[in-house]
Amino acid sequence: MDKMMRACDIRPPPGLAHSSPARVARNKWRVLKLRVRKAVSRALARSSAPEVIPRVSRDSAGGLTTLRDSDGETQPAAAAYGTFLSQLLKTSSLALARSFRTLSETGERKAWPPGLACNPENEDAHLVTANLCLTALNHLEQGMPKSGLSSGASLGPSESQKSDQTHVCGRVHLLLSRLQEGLAGAFCWHGAFSKLEARERSAVAVPLLGDSVDLPVRAATCDPENLVPAELWSKVSAPGAIFGSQLTCTQTPAASSNSQDRREYLVLTGRELRCGKLRLRSEVRGVAKVFAVPKSDRTRQRKIWDGSHLSEIASKPPKPERLANPSSFLDIFVRPGEQLYMSKRDASTYFDLLAAPPDLQAWFGQEPVTVQELSAAAGMDIEEVYSFVDDLNGQKALGPDSVLFPVNTAWPMGFSWSSCVAQESTLGMLRCAGVNEQNVLSLDHRLPESQQELCAVATDDVILFHRCKRQGISTLRRLDASFALHGIQRNEKKDVTLASSLTGLGCDISASPPMVQPASGKQARLVLATCDLLVSERGMFSIFSQVYDFVREQPESEKQRVPASVLDELFVSLALAPLLPASLDREFLPEVLACDAAPEFGFGVTLAQCGKHLAEKVGRLSERRGDYVRLEHSAEDPPEVERMGTLHRLPLKKTDFKQLISCKARWAGGITTVLSS
């Protein structure tokens with residue numbers, strides 16, 4: 001019997017390693033009986049149940065595309081995803097798959113929780129996805145062991161664990177419903193990683209098409225001096241403050257050897273001269289190449305002025321003020337019964353509208369052109385060309401072979417200082433519209449005191465949240481007027497006004513239920529690509545602790561085999577995908593818990609009763625970095641140690657906390673030993 005138990009690697013649970021030999025032997029025997037009984041039950045079930053083997057359709061190249069059931073019908077996306085996971089978990093050697101197979105012997109859910117939505121046809125998919133998510137949480141909590149989780153006796157889930165399982169199951173149903181919607185019912189994972197990779201590569205640079213670049217009717221119509229704080233403007237309006245003693249940076253880029261590329265560049269130059277985005281100079285201080293990247297519709301383009309070298313010699317710009325990111329939405333808190341109205345405003349060709357200071361324009365030069373080239377490609381006569389030149393002063397004559405440098409009159413997209421100027425300009429328009437800057441969501445600033453009007457700003461995107469419809473209408477009216485007053489053209493096709501849902505910053509945000517989650521289309525593409533990568537386990541370009549190390553390896557363009565540790569981290573991220581949505585209406589108990597552990601002393605938990613308002617205030621800090629809380633300081637307390645971050649002082653004293661757990665350390669060891677004991 002001892003040999004059999006050693007062969008099964010049955011070990012005492014953490015914390016019982018110091019039990020008596022007799023107790024250890026009894027526990028081992030109970031575990032072994034449980035595992036044998038379950039193994040026999042599974043074998044009997046498999047022998048009596050007909051096996052349904054999904055079939056796989058193949059594309060013209062022989063690749064797997066979609067999963068089909070035994071009747072040849074294409075499986076719905078949700079069911080196909082569950083089938084994919086089931087097959088992968090049976091055969092994969094990744095640590096998470098081994099953990100899943102181990103925990104399925106003791107802790108697997110066998111039935112969907114009653115009362116939760118689930119299509120009976122997709123119940124198997126729901127169960128395998130939920131069990132994989134629960135396994136990933138355990139796998140992550142144990143430090144993602146390379147050998148997978150070890151088995152142990154299961155006494156069944158506690159009430160709190162049952163609650164957690166129900167929460168996970170609810171999130172799984174949401175994920176599978178969104179996959180069904182985002183994939184139009186077809187789970188075609190084969191080749192998805194290559195498609196995603198190609199999509200990302202196409203967003204880097206494409207051949208320039210002069211007539212496909214979006215331009216405003218009139219450029220440089222907004223003067224940021226009226227919007228940007230005076231301290232910042234004093235820096236950006238003086239070349240010496242940005243470039244110091246540097247007199248010039250005229251590494252003139254070589255003209256394209258491709259005649260078609262050159263012609264497209266000249267066509268675009270003509271268009272930009274006529275709308276006021278460019279002027280011409282015979283001498284400049286800075287020169288950079290230009291290239292194009294596709295816009296979201298893939299038919300139009302955005303021109304980028306490659307100011308990377310110029311940005312290197314310039315001083316470091318300040319971080320864009322109150323720049324929003326998806327984490328900013330977690331600062332929104334919706335109480336039960338509250339309404340949430342969402343609006344969005346977007347500027348059209350925003351950077352082209354922000355006028356650059358005249359003294360700085362000579363630094364924003366680009367590839368030179370001749371008068372003859374402009375005449376041929378843009379249909380300009382010499383008088384029209386002459387009208388665009390700023391530094392002739394009547395002393396230089398223009399001829400067909402005269403060389404001129406186009407210079408940007410607007411802040412070019414591609415220069416390091418342009419982003420902070422654009423962000424401050426948007427904040428300035430919000431201030432003019434009467435929006436309190438303290439209500440602009442930012443992880444670098446304190447939480448807004450009031451949630452009646454909130455705003456997220458990401459350069460040219462403005463997203464507003466209101467609890468009162470009338471206040472929202474008033475703010476939007478003033479904001480639209482502020483845009484017009486300062487010469488900013490709105491992209492009215494993207495306007496959203498007091499809606500119950502919208503998509504912004506790559507997130508889907510809804511008011512009913514109050515929730516923020518990844519945009520469904522992007523999440524669906526990422527799920528497919530991860531599935532493709534996990535199955536093929538092929539070489540690929542660098543990608544995602546282990547994932548980031550892999551990404552940093554050089555050279556970036558060299559194909560490499562993806563290590564198992566990286567694949568396991570990607571698998572865990574896929575397994576935890578149901579938990580990505582965040583509820584904005586989370587409720588808090590009117591109490592504050594405090595706990596700590598130390599190997600010298602042990603483990604302790606205390607609790608203080610408090611009002612609901614204070615609980616909400618503390619709870620909303622959970623997703624913020626750098627924020628910390630302290631209690632009221634009493635005379636008998638030791639001096640406080642200074643630390644970095646944002647302090648939140650709670651109106652509580654140490655005497656307000658009652659002891660719940662006080663577990664003294666029984667032996668020397670690390671924190672894990674203290675907690676397990």
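The values are calculated or read from the model by the stated rules, or taken from the named source; none is laboratory data. Remember, predicted model here, so these are calculated numbers, not experimental data. As a convention, Cβ positions derive from the backbone with ideal geometry for all residues, glycine included, and neighbour counts pool all protein chains shown.
Take the residues in the range 296-353 that are among the basic types (K, R) and under 19 Å from R620 (Cα atoms), then tell me which one is nearest to the chain's Cα centre (by Cα).
Here is the first cut: in the range 296-353, the ones among the basic types (K, R) are 298, 300, 302-303, 316, 319, 322, 335, 344-345.
Now restrict to residues that are under 19 Å from R620 (Cα atoms): 322, 335.
Numbers: R322: 17, R335: 26 Å.
Step by step, filter the range 296-353, then rank; the result is R322.
Scan the range 473-507 for residues that are in a helix (DSSP H, G or I), under 13 Å from R345 (Cβ atoms) and out of contact with any Asp or Glu (no Cβ under 8 Å at 6 or more places or on another chain) and report the count.
Just the residues of the range 473-507 that are in a helix (DSSP H, G or I), to begin with: 473-485, 492-494.
Now restrict to residues that are under 13 Å from R345 (Cβ atoms): 475-484, 492-494.
Still in the list and also out of contact with any Asp or Glu (no Cβ under 8 Å at 6 or more places or on another chain): 476-484, 492-493.
Residues in the range 473-507 being in a helix (DSSP H, G or I), under 13 Å from R345 (Cβ atoms) and out of contact with any Asp or Glu (no Cβ under 8 Å at 6 or more places or on another chain): 11 in total.
Report, by residue number, each residue of the range 169-189 that is touching a strand residue (DSSP E or B) at 6+ places or on another chain (Cβ under 7 Å) and at pLDDT 85 or above.
F187, C188, listed by residue number.
I need a count of the residues in the range 583-629 that are within 27 Å of G170 (Cα to Cα), surrounded by fewer than 17 Cβ atoms within 10 Å (Cβ to Cβ) and of a type in the set (G, A, S).
3
State whether one or more residues within the range 326-335 are touching a helix residue (DSSP H, G or I) at 6+ places or on another chain (Cβ under 7 Å), in a loop (DSSP other than H, G, I, E, B) and in the same structural domain as E449 (by TED's automatic domain parsing).
Residues of the range 326-335 touching a helix residue (DSSP H, G or I) at 6+ places or on another chain (Cβ under 7 Å): 333.
Now narrow it down to the ones that are in a loop (DSSP other than H, G, I, E, B): 333.
Filter once more, so that each one left must be in the same structural domain as E449 (by TED's automatic domain parsing): 333.
Yes; the residues of the range 326-335 include at least one that is touching a helix residue (DSSP H, G or I) at 6+ places or on another chain (Cβ under 7 Å), in a loop (DSSP other than H, G, I, E, B) and in the same structural domain as E449 (by TED's automatic domain parsing).
Among the residues of the range 329-343, which ones are buried (at least 21 other Cβ atoms within 10 Å of the Cβ) and more than 19 Å from Q517 (Cβ to Cβ)?
S343
Take the residues in the range 572-629 that are closer than 27 Å to P326 by Cβ and in a strand (DSSP E or B), then tell me which one is nearest to the chain's Cα centre (by Cα).
A582
Can we say V206 is outside the structural domain of G307 (by TED's automatic domain parsing) and modelled with pLDDT under 90?
yes
Looking only at the range 656-669, filter to residues that are at pLDDT below 90 and surrounded by 10 or more Cβ atoms within 10 Å (Cβ to Cβ); which one of those is nearest to G611 (Cα to Cα)?
I661
Tell me whether the range 360-382 contains one or more residues that are under 30 Å from L589 (Cβ atoms), in the same structural domain as I473 (by TED's automatic domain parsing) and at pLDDT below 95.
So far as the range 360-382 goes, no, none of its residues is under 30 Å from L589 (Cβ atoms), in the same structural domain as I473 (by TED's automatic domain parsing) and at pLDDT below 95.
Do you know which residues across the range 426-474 are surrounded by fewer than 15 Cβ atoms within 10 Å (Cβ to Cβ) and within 16 Å of N325 (Cβ to Cβ)?
D444, H445
Consider only pairs whose beta carbons are under 9 Å apart and that are at least six residues apart or on different chains; among these, list those whose first residue lies in the range 213-228 and is over 30 Å from T299 (Cβ atoms) and whose second residue is among the acidic types (D, E).
P224/E424; L227/E424; V228/E424
Anything in the range 601-613 that is in contact with a helix residue (DSSP H, G or I) (Cβ under 9 Å, 6 or more places away or on another chain) and on the phi < 0 side of the Ramachandran plot? List them, or say none.
F601, F603, T606, A608, Q609, C610
Might you check whether a residue that is of a type in the set (G, A, S), part of a loop (DSSP other than H, G, I, E, B) and more than 29 Å from P207 (Cα to Cα) occurs anywhere in the range 346-358? Walk me through it before giving the result.
Filtering the range 346-358 down to residues of a type in the set (G, A, S) leaves 347-348, 355-356.
Adding the requirement that they be part of a loop (DSSP other than H, G, I, E, B) leaves 348, 356.
Still in the running and more than 29 Å from P207 (Cα to Cα): none.
No, the range 346-358 contains no residue that is of a type in the set (G, A, S), part of a loop (DSSP other than H, G, I, E, B) and more than 29 Å from P207 (Cα to Cα).
Evaluate the range 643-650: report whether one residue or more is in a loop (DSSP other than H, G, I, E, B), closer than 30 Å to Q517 by Cβ, outside the structural domain of P326 (by TED's automatic domain parsing) and modelled with pLDDT under 90.
yes
Within the set of pairs 6 or more residues apart or between chains, which connect a residue that is hydrophobic (A, V, I, L, M, F, W, C) inside the range 352-363 to a residue that is surrounded by fewer than 19 Cβ atoms within 10 Å (Cβ to Cβ) with Cβ atoms less than 6 Å apart?
Final answer for the pair search is L353/T221; A355/D223.
Pairs only if they're at least six apart or on different chains, beta carbon under 7 angstrom, first in the range 247-272 and closer than 14 Å to V290 by Cβ, second basic (K, R) and at pLDDT below 95; list them, first residue then second.
Taking only residues 6 or more apart or on different chains, the pairs are P253/K289; A255/R262; S256/R262; L268/K303.
If you go through the range 419-426 one residue at a time, do you hit one that is modelled with pLDDT under 95 and among the hydroxyl-bearing types (S, T, Y)?
First pass over the range 419-426, keeping only residues modelled with pLDDT under 95: none.
No: zero hits.
Which of the residues that make up the range 409-461 are under 25 Å from H648 (Cα atoms), assigned to a loop (DSSP other than H, G, I, E, B) and of a type in the set (D, E)?
Once the filter is applied, which keeps residues that are under 25 Å from H648 (Cα atoms), assigned to a loop (DSSP other than H, G, I, E, B) and of a type in the set (D, E), the range 409-461 yields D444, E449.
Of the residues S500, S512, only one is at pLDDT below 95 and surrounded by fewer than 17 Cβ atoms within 10 Å (Cβ to Cβ); which?
After applying the criteria, what remains is S512.
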